[in-house]
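Have a look at the structure below before the remarks.
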Amino acid sequence: MEPTKNGDFEDEEAPENATSTMYLKKNHLGQINHENPLFPPLTARHSQRRCSFKRKPIKKGKFYTMDPCPFLRLIIESLALKLPQPTKPVAVASGGVYPTTTPCFCKLRLKNLQSQTALLPLSNGSGDSPPESSTSAAGFHLDALTLRRVSGKPVTLCVEVFTGRMGRSCGVNSGKLVGSVQVTVHLGVSQTRPAVFQDGWMKLGNDHERPSAKLHLTVRTELDPRFVFQFGGEPECSPVVFQIQGNISQPVFSCKFSADRSRSRSLPPNFSNKNRGWMRTLAREKERQGRERKGWMVMIYDLSGSPVAAASMITPFVPSPGTDRVSRSNPGAWLILRPHGFSVSSWKPWGRLEAWRERGPVDGLGYKFELVTDNGPSNGVPIAEATMSVKKGGLFCIDRRVSKSDSAASTSSRSPIKGFVMGSTVEGEGKVSKPMVQVGIQHVTCMADAALFIALSAAIDLSMDACRLFSRKLRKELCHDEQDSCS
């Protein structure tokens, strides 16, 4: 593979049996990007530049392909509850249930996976007709390891129905159990095609003579293959990024972290004891600089050493007046940049990430991510907003089908994105973090697309450090100069 005059690498012919999504013709790239709201159409020069990143031979006669890992989504939707009509009035004091006033919810359990909780609307319909209104649960995501472990035998989904409010009161579950149902799911069949295992009403309880409550639900599976990447180290340590394919790890990107050191100053040569005023001004300036974190940048390079994406801190992370934390009213911000031309200074913004430190009973890292439109960074389209624990970390997720809060639901309803886009692990404050990144295959058409998600993952991980309380020290890799607070 020889470089051309402009430094690009010409595309090599893909093998005849190549089925990877990475083997795409140049004249197809613009059309594919036009259909994907994450990646708008590109100019011909830009398209050629991006296409040159997607195929690199590892050894003579062998090609590097980005093959996805199998993932499966178990979806539980169309949830509704029908309670039996009481034969006589029931007193609230005796623990009775008024179908029109008592909230109901259900817990969904699958072996070795975290349980899910969903609200249940009440249905007043008659017979076996579908409910007038229903809800959906977050569902379960099964990765390749889980699928290998359970593919040889069916698994049981248990759904427990409760009346009352969700949560605990004084350490005791506040809901009252109404009954439960079980649905058998054959995951082996689901790995080759979508499948439906339950669609309709199910009776709660085993007493067939007395009227009992009924639960309506639909249980189905759909294929959700994803590309999986993992950082070889913490983003601030400029690690290599690997693609994970089963038990094989293949390097695909490298990162370069940098911090703006232009703020450091030296004393003037004619400094003397008469310059006490200048010295006090310098001291105040250094104190102010020590109270802001800015200038961080992560460049993403492909295997040839060409830059393909970047995350640049454009708004400093500074504490609110009188506090030592970054507030939601004045968050720090990153721009995720994609190539445009041959100079990094001419790159185009693809996304904007804001982050701050949430107040409340649980110390949290709040974030908001939006796509940047042609109208500029201030007119972005929000596609993700949530909070994760500062102590335990969490998962940065862009998924239209998962909404854990009212603000997230509002953001999701306005988003042009459908289905799962990406997920990235974030460790808690002070812990060693090697982010694991998953990207839906429909959002990756070439290596440069994947690099944008890697840059975004690095930005959210570094935001955990940028939002660290200013009364605490940062590690030396993140510091601008010797005067900053370093560990």
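The values are calculated or read from the model by the stated rules, or taken from the named source; none is laboratory data. Predicted model only: the values in this text are computed from it and were never measured. All Cβ positions, even for glycine, are placed from backbone atoms using ideal geometry, and neighbour counts span all protein chains on display.
Checking each residue in region 179-199 for being among the hydrophobic types (A, V, I, L, M, F, W, C) and modelled with pLDDT under 90 picks out L187, V189. Filtered by the rule that a residue be part of a loop (DSSP other than H, G, I, E, B) and modelled with pLDDT under 80, region 138-165 gives A138, S151, G152, R165.
Contact map, region 143-157: residues that are closer than 13 Å to V189 by Cα paired with residues that are among the polar types (S, T, N, Q) and surrounded by fewer than 17 Cβ atoms within 10 Å (Cβ to Cβ), Cβ distance under 6 Å, separation 6+ or inter-chain. Pairs shown: P154/T184. Taken over region 179-226, residues that are outside any strand (DSSP E or B), surrounded by 15 or more Cβ atoms within 10 Å (Cβ to Cβ) and among the polar types (S, T, N, Q) amount to 3. Restricting to region 397-443, what's the tally of residues that are modelled with pLDDT of 55 or more and polar (S, T, N, Q)? Summing the residues that are modelled with pLDDT of 55 or more and polar (S, T, N, Q) in region 397-443 gives 6. The number of residues in region 305-325 that are within 25 Å of F369 (Cβ to Cβ) and of a type in the set (G, A, S) comes to 5. Looking only at residues in region 251-268 that are surrounded by fewer than 16 Cβ atoms within 10 Å (Cβ to Cβ) and modelled with pLDDT of 95 or more, the one that is farthest from I314 (Cα to Cα) is P251.
Annotation: V381 fulfils all but one of (1) surrounded by fewer than 21 Cβ atoms within 10 Å (Cβ to Cβ); (2) among the hydrophobic types (A, V, I, L, M, F, W, C); (3) more than 25 Å from E222 (Cβ to Cβ); (4) modelled with pLDDT of 95 or more; the unmet one is (4). Scanning region 333-362 for residues being without any contact (Cβ under 8 Å) to a residue 40 or more places away in the chain and surrounded by 15 or more Cβ atoms within 10 Å (Cβ to Cβ) gives a total of 7.
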